[in-house]
Amino acid sequence: MKAEKRREEILAIVGNSDNPLPAAVLAEKLGVSRQVIVQDIAILRGGGYGIISTNRGYMFAVKKPAASRVFKCRHTLEQILDEGNLIISLGGRVEDIFVNHRVYGRIAARLELYNGTHVEELYRSLVSGASKPLMAVTDGYHYHTVTAADECALDGIEEALRGVGFLIEI
């Protein structure tokens, strides 16, 4: 397994765990040494991922949000960075994107955008031309499930999205 793919796996495993995971457990799951995991974690931290070390293992520093809301939005491909960074800067996490297609029904994808690095990676992959964004099939209209620490934070995100013209009133 290449280093980049292994690091993606580490993020997925640690992100989906409710408990800290020791480097030895991650190493066994991924078929590498404990030291390789320690180095990968250092690289991920340097890249902006909020992984912390505890006496029981690695985990994300961000606690799972308590509040969730779906926002209907519309913007251009170039504004994906603005939308994602706006939500994250106000304490939100973009969990997914979905569209309601008139023929195929609901089409959804997990995003899990928790920091600016995640948003930039998504944007780079979309502008590379390898794939079109999901919102392209509905003329820019799309929905996001956004989570945050509380309803007050979600209210602030809603007002900010409305203020920049991304929010579509449902």
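Summary table
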{"read-out": "Potential lengthening between ASN115 and ASP155 on full extension [0.36 nm per residue; Cα-Cα distance subtracted]", "value": "12.5 nm"}
{"read-out": "Relative compactness, region 3-60, computed as alpha-carbon Rg over 2.2 N^0.38 Å", "value": "0.96"}
{"read-out": "Among 148-158, 79-89, the order from most to least packed when residues are scored by Cβ within 10 Å on average", "value": "79-89, 148-158"}
{"read-out": "Cα pair distances of region 67-163 binned at 5 Å [whole percent]", "value": "3, 14, 25, 27, 19, 9, 3, 0"}
{"read-out": "Segment ALA108-THR76, extension gain: residue separation times 0.36 nm, minus the distance between their alpha carbons", "value": "9.7 nm"}
{"read-out": "Contact order normalised by residue count of the chain, Cα under 8 Å, 6+ apart, percent", "value": "26 percent"}
{"read-out": "[x] 96; [y] 116; [z] 131, with the label sought being that of the calculated volume of the Cα convex hull per residue in Å³", "value": "[z]"}
{"read-out": "Modelled FRET efficiency - R0 45 Å, GLU169 with THR54, Cβ distances, 0.05 increments", "value": "0.55"}
{"read-out": "Fully extended contour minus Cα-Cα distance, from TYR141 to ASN19, at 0.36 nm per residue", "value": "40.2 nm"}
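Coordinate-derived values only; no laboratory data. No experiment lies behind these values; they were computed from the predicted model shown. Neighbour counts are summed over all protein chains in view; Cβ atoms, including those assigned to glycine, are modelled from backbone coordinates with ideal geometry.
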